[in-house]
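S.K.: Sharing a structure below in structure tokens format, with a few things to ask.
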Amino acid sequence: MRVVGGIKREAQKCLARSWGKSTNNIGQAQIILTSQQGGGCYTDTLMTDINSGEYLTYLPPLRYIPTVTIPSNPTIDFGVLI
């Protein structure tokens, strides 16, 4: 997965074939994943790669509510991500 700007340029890059080749042009993202089941019994916080904006995580098979922020660029609003 990745968190980057530039829908036309970055979204067209297939992660399976171009891992590490995205360009992080909005700043490093902090992603908090909170499970919907069990009142948020599982939470994982991760940071994207500073250069590519990509991240990889392994999670239990649950549904998650994502919260994404760009600490260095707080004006970016991702809205509701469910």
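The values are calculated or read from the model by the stated rules, or taken from the named source; none is laboratory data. As the structure is a computational prediction, the values presented were derived from the model and not from experiment. Backbone-built Cβ (ideal geometry, glycine too); neighbour counts: all protein chains shown. Side chains included, ligands, DNA and RNA excluded: accessible areas come from the protein's heavy atoms. Shrake-Rupley method; radii C 1.70, N 1.55, O 1.52, S 1.80 Å.
S.K.: Would you pick out the residues in region 37-69 that are open to solvent by less than 80 Å² (accessible area, probe 1.4 Å), farther than 15 Å from Met1 by Cβ and part of a loop (DSSP other than H, G, I, E, B)?
M.R.: The answer is Gly40, Tyr42, Pro60, Leu62.
S.K.: Look through region 23-36, keep the residues that are within 13 Å of the chain's Cα centre (by Cα) and among the small types (Gly, Ala, Ser), and return whichever of them is surrounded by the most Cβ atoms within 10 Å (Cβ to Cβ).
M.R.: So, considering only residues that are within 13 Å of the chain's Cα centre (by Cα) and among the small types (Gly, Ala, Ser), the one surrounded by the most Cβ atoms within 10 Å (Cβ to Cβ) is Ala29.
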